[in-house]
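**Student:** Quick one: the structure is below, questions incoming.
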Amino acid sequence: MTASDGSDIQTLFDQVRSGARVALAQAITLVESQRPEDLPDQAKLVGLCRHEDSISVRLAVTGPPGAGKSTLIERLGLHLIEEGHRVAVLAIDPSSEKSGGSILGDKTRMEKLSVAENAFIRPSPSAGHSGGVSEHTRESISLCEAARYNVILIETMGVGQAEYRVQKMVDLLLLVTIPGAGDGLQGIKRGIMEIADMVIVNKADADNIGAARRTAAELKAACRLAAPGENRRIVLTASAKTGEGIPKIWEAVSDLISHRKKQGSFSKQRAQQDKAWFDDVVESQLKRRLESAERLEIARDRLTSLVVSGELDPVSAAGLYVDAVLRHPFQ
């Protein structure tokens, strides 16, 4: 979608605000576009979002494969809808190397939630982006908030310590694990265990209840070691299969958000996230502009050939390329 006067973008945004899920999906597709000619429309669309008052809660849900993230998100989402909330799920999936699309990109993992009236599910390919998210997850969050979804759940790819990036986009990071995983998580406690706000031991049902409680106790100890002095980290047990413990997750989330708002740290965190967003977009747009500049592409290819042949070292070649950029940027 392109519009020289921005009228089409305003129309699309108005449809998003009205709650049209098709329009929201179209808007996210636009902000995910890698075409340089779409940059003005992307900026216009996101700029319209910034005029909206955000009363949302942004949650990231991460964890190793097999932990049951999707099932837990669906169960939590259905509970939230029963409580009167509007729920958007941004599911980040690995990308196909051939098509660039989402490998697991369907809604079959959340069948009940996907057909709920007050829910929106969007699978998005990571497109090689680090941190378990896609390049435009922040823009997608803003669009969902403009569409009046007040709980945004981001399901990451669950790649362990790389989840630092999604932390800069959400209010809370929830780590989902399973009974018996305490020892395995000890090895990464200086990574994901340091930044997780809440740890949920899923599959605490049937014969797993005892093991889940033991794992929760181990993880509480690990959290104290990973972040000594912090007393707001929470470890819970739950079963996405039976629904046991799901209401307590949202109760804990609400209490923690309320606590941070009273402290003043909630708004400060959001401000820091906007700064990080700005820095990332500057870097991304500069890279896209550089890659689309024909003269610079030729210069880069020539310097790359000299590096590969051994005629020039990488540091010197990089210096020559940067000099060329500064002399004649984007030509």
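**Student:** Being of a type in the set (Gly, Ala, Ser) and either modelled with pLDDT of 85 or more or touching a strand residue (DSSP E or B) at 6+ places or on another chain (Cβ under 8 Å) (or both) is the filter here, so list the residues in the range 182-225 that pass it.
**Tutor:** ALA196, ALA204, ALA206, GLY210, ALA211, ALA212, ALA216, ALA217
**Student:** Here's a follow-up. Could you identify the single residue in LEU296, LEU312, LEU236 that is in a loop (DSSP other than H, G, I, E, B), surrounded by 15 or more Cβ atoms within 10 Å (Cβ to Cβ) and at pLDDT 85 or above?
**Tutor:** LEU312
**Student:** Moving to a separate point now. So for the range 279-292 (the condition being modelled with pLDDT of 90 or more and over 27 Å from ILE81 (Cβ atoms)), does at least one residue qualify?
**Tutor:** Among the residues of the range 279-292, at least one is modelled with pLDDT of 90 or more and over 27 Å from ILE81 (Cβ atoms), which makes the answer yes.
**Student:** Here is a list: LEU24, LEU30, LEU48, LEU76. Which entry is in contact with a helix residue (DSSP H, G or I) (Cβ under 8 Å, 6 or more places away or on another chain), within 21 Å of ILE200 (Cα to Cα) and surrounded by 15 or more Cβ atoms within 10 Å (Cβ to Cβ)?
**Tutor:** Numbers: LEU24 fails: within 21 Å of ILE200 (Cα to Cα); LEU30 fails: within 21 Å of ILE200 (Cα to Cα); LEU48 fails: within 21 Å of ILE200 (Cα to Cα).
Result: LEU76 is the single residue among LEU24, LEU30, LEU48, LEU76 that is in contact with a helix residue (DSSP H, G or I) (Cβ under 8 Å, 6 or more places away or on another chain), within 21 Å of ILE200 (Cα to Cα) and surrounded by 15 or more Cβ atoms within 10 Å (Cβ to Cβ).
**Student:** Given the conditions (1) modelled with pLDDT under 95; (2) assigned to a strand (DSSP E or B); (3) of a type outside the set (Lys, Arg), and given that LEU59 satisfies all but one, which numbered condition is not satisfied?
**Tutor:** Here LEU59 meets the rest and fails (1).
The values are calculated or read from the model by the stated rules, or taken from the named source; none is laboratory data. Not measured: the values here are computed from a predicted model. All Cβ positions, even for glycine, are placed from backbone atoms using ideal geometry, and neighbour counts span all protein chains on display.
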